[in-house]
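Written below as structure tokens is the structure these notes are about.
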Amino acid sequence: MFKKETYIQRREALKKAVGTGLLLFMGNDEAGCNFEDNLYPYRQDSTFLYYFGLPYAGLMAVIDIDENREIIFGDELTIDAIVWMGVQPTLHEKSEAAGIKDVRPSAELKPYLEAATRKGQPVRYLPTYRPEHRIKLLSLLGIMPGAEQPSVEFIKAVVNMRNYKSDEEIAEIERACNVTADMHLRSLQMVRPGMRECEVAAAVQEVAAAHNFMLSFPTIATVHGETLHNHDHSNVIRSGQLFLLDAGAETEMGYAGDMSSTVPADPKFTARQKEMFEIQLASHEAAVKALRPGIRFEEVYDLSAEVIVEGMKSAGLMKGDAKEAVKAGAHALFFPHGLGHMMGLDVHDMENLGEAYVGYGDQPKSKQFGRKSLRLARELEPGFVLTIEPGIYFIPQLIDSWHAEKRFADFINYDKVITYKDFGGIRNEEDYLITADGARLLGKKILRHADALEELRKG
């Protein structure tokens, strides 16, 4: 945890931002995998962590703005729990570390909320993302399924705090990014034909575990990089293939790193692989160069996509004006996702609170294929932490579908594109902090030009 003053200050700022009412925070419970006592790794709710810092199961909290009370609701461990889990600080002692002195049994939460409702006090809560959250919320507030109304004021207040990372948060994120970089450096140096994808996935998880870090999301370690979120690790890596790793570490405090890297299975790229790798890298570097306060991230996305189109024109896969191709959406055959996302206590920061608030500043999203997948489009500001991750993919089913429809035939040379259907995919990703006058890389540098990457793999 940070020092308790951090959490006290955050709660005070939240109270001022919302103004009135009662704020309800739903901590996470343990969850059984295939039976009750065989548990998934525990992860506390990120907003609960942000305002209370307590990484323990079975807690809920209230900030009663009108009554100026801050209360943790939970139960002390029983002797049976101590037998199995060992001696721990009491819940009162844990709560003191967050600057909370008012600790009450879980059974007292519902009567407290009922009393607030009788007084006409608004009970504000955030969107739920776990089924047990929803069931608990319905029971606590006596509302029917489908009648939930998460508080927009509460959501916006949280987003407007968590989007701006403090110095101590940035230091913690950098810890995650450095370990994440080490995970990718391990992969870049070890991938060889004949290995299985699962060997690489195991090796990068070992790097995180050696620092007592968790994974910030399930690892993507695949020779089928054309599938954007491919969590299968069963394939043998074969000569001539590309291997894509998308993996990140999460610190003990819950802050995430998120990077991607692509490497040839062989010691060297083929000519075709190197050409596409350098196009992707040029797109990435153009996006990084453009990062600064005041620019809309969607503009950075457009720039990165235009660089990909120009590269594809040089390779004979596209034609026509690059800006017009991007405006029409033709680039999305090769680049069908967004350029990056916010990152912090969640690897996709606050995604459960809604992209419209987090990544768009309450502005409308595009419905265009590819562009609609932008998780972040808003004007950048100092303190934002985000990823940069353009990609180039040859997705056989998408190519066949667009080819059959003659979609964007004015921009796409399908006769040549179909010869790349077995290529796979390339994505390289880094994490950046927006500063007062530009941007700063977080973590060690992993991204290299093709020749330098081949040299690294000799070691």
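Taking every alpha-carbon pair under 8 Å whose residues sit at least 6 apart, the chain reaches a relative contact order of 15 percent. Computed from the C-beta positions of GLU148 and HIS224 and an R0 of 35 Å, the FRET efficiency is 0.35 to the nearest 0.05. Think of each Lys and Arg Cβ as +1 and each Asp and Glu Cβ as -1; about the Cα centre, that makes the dipole of the stretch 1-92 roughly 600 debye.
Among HIS284, GLN44, VAL417, whose Cα lies farthest out toward the positive end of the dipole of the chain, if unit charges sit on the beta carbon of Lys, Arg (+1) and Asp, Glu (-1)? It is VAL417, whose Cα lies furthest towards the positive end.
Here LYS458 is the anchor, and the aspartates and glutamates within straight C-alpha reach of less than 14 Å, apart from those fewer than 8 places off in the same chain, are ASP266. Rounded to the nearest 20, the size of the Cβ-charge dipole of the stretch 4-163 about its Cα centre is 700 debye, with Lys and Arg at +1 and Asp and Glu at -1. Placing +1 on the Cβ of every Lys and Arg and -1 on the Cβ of every Asp and Glu, with nothing else charged, gives the stretch 92-199 a dipole about its Cα centre of roughly 440 debye. Model label points for LYS416 and HIS211, set 7 angstrom from Cα along the Cα-to-Cβ axis, are 4.2 nm apart.
Ordered by packing density, taken as the mean number of other Cβ atoms within 10 Å over each peptide's residues, highest first, how do 297-305, 96-104 rank?
On the way: 297-305: 22.7, 96-104: 16.6.
Listed from highest to lowest mean packing, they are 297-305, 96-104.
Ranking GLY443, LEU109, GLY120 by Cα position along the charge dipole of the chain, where only Lys, Arg, Asp and Glu carry charges on their C-beta atoms, puts GLY443 farthest toward the positive end. Packing order of peptides 262-270, 276-284, highest average first: 276-284, 262-270 (average count of other Cβ atoms within 10 Å over each peptide's residues). Since only PHE243, PHE394, VAL158 are under comparison, the one whose Cα sits farthest along the positive direction of the charge dipole of the chain, derived from C-beta charges on Lys, Arg, Asp and Glu, is PHE394. In the chain, which helices (entire DSSP H runs) extend 20 Å or more along their own long axis, judged by Cα positions, while averaging at least -0.5 on the Kyte-Doolittle scale? Span-like helices here: 167-190, 271-290, 297-314.
Among the listed pairs LYS136/LYS165; LYS268/LYS445; LYS313/LYS416, a Cα-Cα separation exceeding 22 Å is found for LYS136/LYS165.
For the pair the stretch 408-459 / the stretch 95-136, the C-alpha centres are spaced 46 Å from each other. A Förster radius of 30 Å combined with the Cβ-Cβ distance from ASP37 to ASP362 puts the calculated FRET efficiency at roughly 0.10.
What is the packing order of peptides 380-390, 403-413, taking the mean over residues of other C-beta atoms within 10 Å and listing the highest first?
On the way: 380-390: 22.5, 403-413: 15.3.
Put in order of decreasing packing, that is 380-390, 403-413.
Every read-out reported here was derived from the displayed coordinates using simple, explicitly stated rules and does not represent laboratory data. Worth saying up front: this structure is predicted, and the values here are computed from it rather than measured. Note that we place each Cβ from the backbone using ideal geometry, even for glycine, and neighbour counts take in every protein chain shown.
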